[in-house]
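What follows is a short report on a single structure.
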Amino acid sequence: MSTSSICRIGSRRELFVDRFLIERLEGGATLRQHRPVPREVVLSDDRAWESSIGYFAALEVGGEFRLYYRAAHHGTGEAAQGEAMCLAQSRDGITWEKPVLGLFEYEGSAANNLVLGGDLRKFPATRSWRGQLGSEIAWRGDFVPFLDSRPGVPPQGRYKALIRGCRGFHQIASRRWDYGMYPFESPDGLHWTLLADRPVITRGKFDSQNLAFWDAAHGRYVAFVRDTWGGREEPSALPGEDAEWVSSRLCRDVRVAFSEDFIHWSDPVFVSYPGDIPRQLYTNAIAPYPRAPHLLLGFPTVFYPEGSQTEPILMASRDGGCSFTRWPEALIPREAPHERDGNRSNYLAAGLVRGNAREFYLYATEGYKEGPSRRLRRFTCRVDGFVSVSASDCVGWLTTPPLVAEGRELWINAVTSPGGGVRAALLDEAGAELPGFGLKECVEFRGDAVDTRIGWKASSPGSALESGRPIRLRFELRAADLYSLQFRA
């Protein structure tokens, strides 16, 4: 057995969002993607400065929650230079309020929730890296702040974000310059300081939600930005349209870049999707999964040019963001639950909110251009519950490849139907059950638990793991779904 084929999971929690821990599925066992459950509308465009709210980013701060989002000011001339960004706050992720921050004026009043921006013409309150006003730079509404967990970060840099900006007119490419992603930091997520007078990432179109974060598993900052590849082979645009954007050969996609200091970035390269066909992607919504931060989960928006419709899907990366496994079916389909089939009316917000012990909250837009209002709806998803190894109405078996784990206990996230159950066995590399750790010796799990321990009648798995030798796991599922597993001390 080649050592390269051994999965070294240690004590990490592992999800079934790809086939990393799957060597064989037998009987009726399959991989099943689960769709989030739609709940209530939590925000709408009910303020004078909110003409088309969008590009939401959720963030948990000290047990409370924030939503940063765009409040677009579409117009002509200087009014088209910028789009203000706003803030909503919540204690439970369900009821949200738009606080009066008093940071920026809109039509002469600072009684608003603008967190970066200003009136329709100028955005003068940005402090540049030299302490001067940055009013000559127009900021665009794709603001995804993150809490910087890099060791040694000073208090003034607790929050960071890359923000799209340019000098000159944004909508007319020939009349803008210094276009790209600019680095910002903040001590509180409200008062932001520009860290460089020029963009630090310039390769990309950037014309949707771009983001960055600290990747603790790899010890680096990561940025994901939007760009396109390919292009037209024949002029097919209508008068006044850009042929490049209507060409069937042009593909909207995602680039990734890395940095050690948030200022100096590698040249962005397109991420790869091994074995997958090209798909048109707008936003990417990629972040480390909170319960398994070595996994990057993304919820990119697939764009359908024929009707300008959008659908978020699920993808996952284990190499820090260079390649992803994508799931083909929509996570939130265009037809559910309300007004999601219009022009760009179905974007998933960046960020997961841990709503309670059993659920994550996700948020997705609806309405957008067709209206009658632009809204954000809450969805709920079981913790670790994006994909399961499922034998929901039958019996099936999962066998893992050889793995090296650390811990004395095996914990799982699983649910069974009445009469169903989950049992596990420890196997050697050849596939034979280890004495005392077979399926018959396993204490069967029945019920519904996000975290529950799998035991054997007379033994603890610790003795089988302490040598560091590879083992396999074999699960028997009867009318059950298995979402994740973890070995613990």
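Phi-derived couplings, Karplus 6.51 cos²θ - 1.76 cosθ + 1.60 at θ = phi - 60°, listed residue by residue for the stretch 317-326: 10, 10, 10, x, x, 7, 9, 9, 9, 10 Hz, with x used for Gly and Pro. Largest accessible area first, the residues Thr283, Thr95 order themselves as Thr95, Thr283 under a 1.4 Å probe with ligands, DNA and RNA left out.
So for the chain, averaging the separation of alpha carbon pairs under 8 Å that are six or more residues apart and normalising by length, what relative contact order in percent results? It would help to have the intermediate numbers written out before the result.
Numbers: 1333 pairs, mean separation 80.6, N = 489.
The value is 16 percent.
The structure shown yields mean projected area of the Cα convex hull in nm², and of the options (i) 23.7; (ii) 24.8; (iii) 21.5 that calculated value carries the label (ii).
Report the full-extension gain for the segment Ala216 to Ala48: residue separation times 0.36 nm, less the Cα-Cα distance, to one decimal in nm.
On the way: separation 168, 0.36 × 168 = 60.48 nm, distance 4.03 nm.
Net length gain for the segment: 56.4 nm.
For Phe324, the residues whose amide H sits under 5 Å from its own are Ser272, Tyr273, ignoring neighbours fewer than 5 places away on the same chain, with H placed 1.01 Å from N.
Alpha carbon centre of the stretch 292-327 versus the stretch 353-397: separation in Å? Result: 15 Å between the Cα centres. Each principal axis of the Cα cloud of the stretch 306-365 was taken in turn, and the coordinate range along them, longest first, works out to 34, 31, 17 Å.
The accessible surface of the stretch 281-324, taken with every protein chain in place and a 1.4 Å probe, is 58 percent carbon and sulfur. Taking the charge dipole of the chain about its Cα centre, with +1 at Lys and Arg Cβ atoms and -1 at Asp and Glu Cβ atoms, the residue from Gln33, Ile22, Asn112 reaching farthest to the positive side is Ile22.
Computed from phi, the 3J(HN,Hα) profile of the stretch 218-224 under the Karplus parametrisation 6.51, -1.76, 1.60 (θ = phi - 60°) reads 10, x, 7, 7, 10, 10, 10 Hz, with x in place of Gly and Pro. Measuring with a 1.4 angstrom probe and ignoring ligands and nucleic acids, Lys160 comes out at about 10 Å² accessible. Taking every protein chain into account, the accessible area of the chain amounts to 40 square angstrom per residue (probe 1.4 Å).
Here the Karplus curve 6.51 cos²θ - 1.76 cosθ + 1.60, taken at θ = phi - 60°, turns the phi angles of the stretch 283-295 into couplings of 5, 10, 6, 8, 6, x, 6, x, 8, 8, x, 6, 9 Hz, with x standing for Gly and Pro.
How high is the relative contact order of the stretch 339-489, given as a whole-number percent (alpha carbon pairs under 8 Å, six or more residues apart)?
Worked out over the stretch 339-489, it gives 29 percent.
Relative to the Cα centre, the charge distribution of the chain, modelled as +1 at Lys and Arg Cβ and -1 at Asp and Glu Cβ, gives a dipole magnitude of about 560 debye. In summary, the lysines within cross-link reach of Lys440, defined as a Cα separation below 18 angstrom excluding same-chain residues under 8 places away, comprise Lys457.
The values are calculated or read from the model by the stated rules, or taken from the named source; none is laboratory data. Owing to the predicted nature of the structure, the values given are computational and were not obtained by experimental measurement. Counting neighbours? That spans all protein chains shown, and the Cβs are built from the backbone with ideal geometry, glycine included. Accessible surface areas use protein heavy atoms only, side chains included; no ligands, DNA or RNA. Shrake-Rupley method; radii C 1.70, N 1.55, O 1.52, S 1.80 Å.
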